[in-house]
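Asks: First the structure, then my questions, so here it is.
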Amino acid sequence: MSMSYSGPKRHKILADAILAEYNLVSAEFSAFQKSTKLNCYEGCGKCCFKPDIYCSPAELLPMALELIERGEAEKFLDNVDSIKDGRCVFLNVTDEENFKGSCKVYSHRPLTCRTFGVSLRHGKNNSINVSVCRPLKEGRALEFQQLVDNDFSPEDQSLPFIDTCKNRLTRIDPSLMEAEMPINDALRLILSKMLLYSEFRSDDSNA
């Protein structure tokens, strides 16, 4: 059963701003990955099985409010506590053996999920660090090498630099890049806080 988040309005305003930035990031990274022919394999969920995918609790604010609106917040909190191998609580497994699956909350996924696969980062001495996930490195070795050999400019604002994306998020709210932790732990923290805010605000309105 769906419900409405009754906590402070600033949380919704912040969540909308974060989600708007996420959508821009997704468009930038998707265009770059397609242009390099290093876009993710359809149905691949290997990264979602990893226990070391980190994000900050604040990055999950849009997702937390969405789950509360859907009436699914408590269910996902219970699911988080039942996971023992660290895989993402939002992973819908379609093929366990081959690490395939889909995301249950794809449109509200955090920054780390939107930039995983292929990304660039500003390095020292005006260099560029290239990050590509293992399945793409191994399965599209030629395209990966072409990417590494490309003479990108660190000043090119059209390139998907993950550190630039993080800086843009920090301008929305400095807490967005603080206290990074495994995604399930981050969800537990932000979802518990938002449920508490919503409960207290509901009690106030009924007083």
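Asks: Looking at this structure, is LEU147 closer than 13 Å to GLU59 by Cβ and of a type in the set (A, V, I, L, M)?
Replies: Here the answer is no, as LEU147 does not meet what is asked.
Asks: Something else: Which of the residues that make up region 144-163 are assigned to a loop (DSSP other than H, G, I, E, B), closer than 28 Å to ILE183 by Cα and of a type in the set (A, V, I, L, M, F, W, C)?
Replies: LEU159
Asks: Right, next: Being under 16 Å from the mean Cα position of the chain (by Cα), of a type in the set (Val, Ile, Thr) and surrounded by 13 or more Cβ atoms within 10 Å (Cβ to Cβ) is true for just one of ILE83, ILE53. Which residue is that?
Replies: Just a single option satisfies the conditions, and that option is ILE53.
Asks: Just to verify a result, which residue in region 114-143, among those that are farther than 21 Å from ILE183 by Cα and of a type in the set (A, V, I, L, M, F, W, C), is surrounded by the fewest Cβ atoms within 10 Å (Cβ to Cβ)?
Replies: The residue in question is LEU142.
Asks: Moving to a separate point now. Are any residues in region 151-183 under 16 Å from ILE18 (Cβ atoms) and free of Cβ contacts under 8 Å to residues at least 24 places away in the same chain, and if so, which ones?
Replies: Answer for region 151-183, where residues must be under 16 Å from ILE18 (Cβ atoms) and free of Cβ contacts under 8 Å to residues at least 24 places away in the same chain: ASN167, THR170, ARG171, PRO174.
Asks: Please list, ordered by first then second residue, the pairs with beta carbon atoms under 9 Å, 6 or more apart or interchain, first in region 135-150 and within 15 Å of LYS34 (Cα to Cα), second exposed (fewer than 11 other Cβ atoms within 10 Å of the Cβ) and at pLDDT 90 or above.
Replies: From region 135-150, the pairs are PHE144/GLU138.
Asks: While we're looking at this one, here's another question. I'd like to check something: does region 102-111 contain any residue that is among the basic types (Lys, Arg) and within 27 Å of ALA20 (Cβ to Cβ)?
Replies: Yes, the conditions are met somewhere in region 102-111.
Asks: OK, next. Would you kindly identify the helices (runs of 4 or more DSSP H) lying entirely within region 32-134 that contain at least 2 residues that are touching a residue at least 60 places away in the same chain (Cβ under 8 Å) and closer than 14 Å to LEU191 by Cα?
Replies: Qualifying helices (runs of 4 or more DSSP H): 61-70, 73-82.
The values are calculated or read from the model by the stated rules, or taken from the named source; none is laboratory data. None of the values given here were measured: they were computed from a predicted structure. For neighbour counting, all protein chains shown are included, and Cβ atoms are generated from backbone atoms with ideal geometry for every residue, glycine included.
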